[in-house]
1. Work out, step by step, the length gained on full extension between LYS88 and LEU352: first 0.36 nm times the residue separation, then minus their alpha carbon distance; give nm to one decimal.
2. Once you list every other residue whose beta carbon is under 12 Å from the beta carbon of TYR315, what net charge do they have if Lys and Arg are +1 and Asp and Glu are -1?
3. Under a straight-distance cross-link criterion of Cα-Cα below 27 Å, which lysines are reachable from LYS384, leaving out those fewer than 8 residues away in the same chain?
4. Taking Cα atoms of the chain, Rg/Rh with Kirkwood Rh, to two decimals?
5. Using only DSSP helix segments of four residues or longer, with each worth -39500 (n - 2.57), what per-residue ellipticity at 222 nm results for the chain after dividing by its residue count and rounding to 500?
6. Hey, what's the per residue convex hull volume over the C-alpha atoms of region 132-280, in cubic angstrom?
7. Please state the charge dipole magnitude for the chain, taken about the Cα centre, from unit charges on C-beta atoms (+1 on K and R, -1 on D and E), reported in debye and rounded to the nearest 20.
8. For region 222-264, report the convex hull volume of the alpha-carbon atoms normalised per residue, in Å³, without decimals.
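Every number in this text was worked out from the coordinates using simple rules, so none of it is lab data. None of the values given here were measured: they were computed from a predicted structure. Note that each Cβ is placed from the backbone with ideal geometry, even for glycine, and that neighbours are counted across all protein chains shown.
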Amino acid sequence: MLEGFIRSHLRRILTKEKNIVLEQKIPLLERSFQDIDELGVYLHIPFCEQICPYCPYNKEIYDPDVARRYTHAVKREIDIYSDLIGNKPVTSFYIGGGTPTTMLYSGLEEILGYVFKSFNMRCDIHMESHPNHLSSDNLNTIVSMGIDHLSIGVESLQDRHLKTLNRPYSVKQVMEAVGRAVSKDFKCVNADMIFALPDQTLSEVEQAGQALVDMGLDQVAAYPLFLFPYTKMKNIIKENNYRMSGIFKRRKMLGILEGIFYGAGYRRTSVWAFTRPSVPKYCSVTVPLYVGLGASGSSYLKDVFYLNTFRVAEYINALEEGRMPIALSLDLSENLQMAGWLYWRIYETRFLKTDFRDRFGKDFNKIYGIHLKLLSLLGFLKDKEGQVVLSDKGTYWLHVLEDLFSLDYINKLWGCSKYDPWPAKVTF
Ligand SMILES: C[S@@+](CC[C@H](N)C(=O)[O-])C[C@H]1O[C@@H](n2cnc3c(N)ncnc32)[C@H](O)[C@@H]1O
Ligand code: SF4
């Protein structure tokens, strides 16, 4: 109740909008692409070999026949965007899921080839993977496909927590998979880990953080366990009477990880990610404007945000019938665009005020100067020579605030889209 009150007040202050409503309508895409100079591409692979009880992402159990039809559907969607994008450079490309490596040898190579044939690709490729798919042969295939940055869903380095998360491997097996990946020729190998797990102790967090550094990873993204109402995790915790860490204990756990990663020379590259010096960071689409391909792919094009249907069968049918798979869209007012811009810059923990002027033609201080001053007085950030850099304290607490919006957004938008492939509207 209090959360809802804070959320709606902050939203009104930052966006001047009472409600935000996504509607079932297809935006005028020709116009939206006209004044864009460069953009990013996100590709969603919505398949997994098993469903983890905590996971909010859009996915279904892998089936080779569906994967084949999905491959053709994604190629049809690429055709549509190839006409709209023309020769504009694509400067960021990310393949996420679900589990992209389920489609190794069953369509992924074909889709990548088609992306390179259809778009003016001017960037590296970043891709997520599952530890059980990282045999030496598969890793060689991944390298030969041109993947430069690989992320591995390690999740935990304690067998008892892997069991709670229902992950299908042991600590020994996942460490071997990481060892094989770091020995290959990637620019960056990232491990995703989850902390603040049910009943997890501070010393277990410390042990996991140190082990990840010792394995020679280029980057670690350490997320606290988020509980989404539409996943099974909440029930598992209730049934087993597990103790969960509150926001202060989570801060302490993150502080332990910060100490380990900074001590080993890593730098902070986002709220949750720490990267070795001189290694380019592994991250999702890095440019502000992007197109999302695949079931549940979302796109952001200056003044419009839209989202594909989540249901794989509906996505395939739409494209086979020559229809766009877009389910929901939202026209973005300038205030919403600016608030969205700020949200992502806070997530990245640093930004230049001139980037705001370049994007919106307005002085950052005129719009957000008072907020900045207040946060600076609280020790949440430093505002020096046009660059704003969040402190570790600010990074954590501002993100707790951001979660008021992002978790609500995911719960409502993804939760609703999961059950209804073509929702009439979703209101925030
Ligand atoms: C798409 S998955 C990674 C690739 C692959 N599917 C796998 O599971 O190995 C993305 C990552 O998000 C993180 N994640 C998923 N659900 C989460 C949750 N409820 N709380 C925190 N992190 C979560 C996990 O670290 C997971 O590795
Ligand atoms: S965590 Fe990864 S493997 Fe598990 S369900 Fe989510 S996307 Fe699939």
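1. Here the answer is 92.6 nm.
2. Result for the neighbourhood of TYR315: -1.
3. LYS281, LYS353, LYS362, LYS366, LYS373, LYS393
4. My calculation of the ratio gives 0.94.
5. -13500 deg cm²/dmol
6. It is 117 Å³ per residue.
7. 1340 debye
8. Normalising the Cα hull of region 222-264 by residue number yields 80 Å³.
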